[in-house]
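We did not get these values from a lab; they are worked out from the coordinates using the rules stated. What you are looking at is a predicted structure, and each value in this text was computed from that prediction instead of being measured. Glycine also receives a Cβ, built like all others from the backbone with ideal geometry; neighbour counts cover every protein chain displayed.
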Amino acid sequence: MGYYTMYSLEVLHIQNEEEFNHLRKYIHEHETMDYAFDDGYYYDDAATFGTKNDAKWYNHADDMIALSKLFSDMQFRLHGIGEEDDDLWYHYFHNGADEYCPLTSQRPINVKWDGDLGYSSASPEEIVDVWYDREDIANLLERQSIAITRSNIDKVVDVMDIEGAEEAMMEVFETYARKKIVELAERGELD
């Protein structure tokens, strides 16, 4: 058994493709990172490593601190979606410093992060990492007072494409709303 989390990673300030390849080699030589992350994508001066497998990575903070010390000019943002409904977070790392931020938090205070807080997949020319789209979905579900669960996020992702994201989110919302209306009616709380 154990507790599984889906991890993805964003990296800023990569000087060139050679430095990216060095980072990717380090990640794939670390057993848990290799299991958790895909091969990664390099573009401009940044990279993303999407989720390859759910992982039991209990010492991710220590491993990422070590990684950030080794690649001290880079900034790292680890994203996690755990098994528990409210276990959605970012963990920022830069040159040995780290800061944990729940999904609803603002920009980190103690760790430098030059990137956007969210990820926009509005441009089809951009590389899209599905876990960042999941963050957008989670934010919308939260604004609609719908439980941010893996199953609710998965329902949206399963029927989603870039153009159809809004309709997919509305489908989850409507299902939730119908369920709530039935519950209220059964309790006699509707007129």
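For region 1-117, compute Rg over Rh where Rg is the Cα radius of gyration and Rh is the Kirkwood radius from the inverse mean 1/r over Cα pairs. Here Rg/Rh amounts to 0.94. Let's test the formula: R0 of 22 Å, r as the Cβ-Cβ distance of ASN53 and ALA177. What FRET efficiency results, to the nearest 0.05? Result of the calculation: an efficiency of 0.05.
Using the Cβ of ALA61 as centre and a radius below 11 Å, the other residues enclosed give a net charge of -4, where K and R count +1 and D and E count -1. Computed from label points 7 Å out along Cα-Cβ, the spacing between GLU31 and GLU84 is 2.7 nm. Here r is the Cβ-Cβ distance between ALA97 and TYR4 and R0 is 35 Å; the resulting FRET efficiency, rounded to 0.05, is 0.80. Close amide-amide hydrogen proximity is noted between GLU83 and TYR4, each under 5 Å apart and 5 or more residues distant or on a separate chain (H modeled in the peptide plane; Pro and chain starts excluded).
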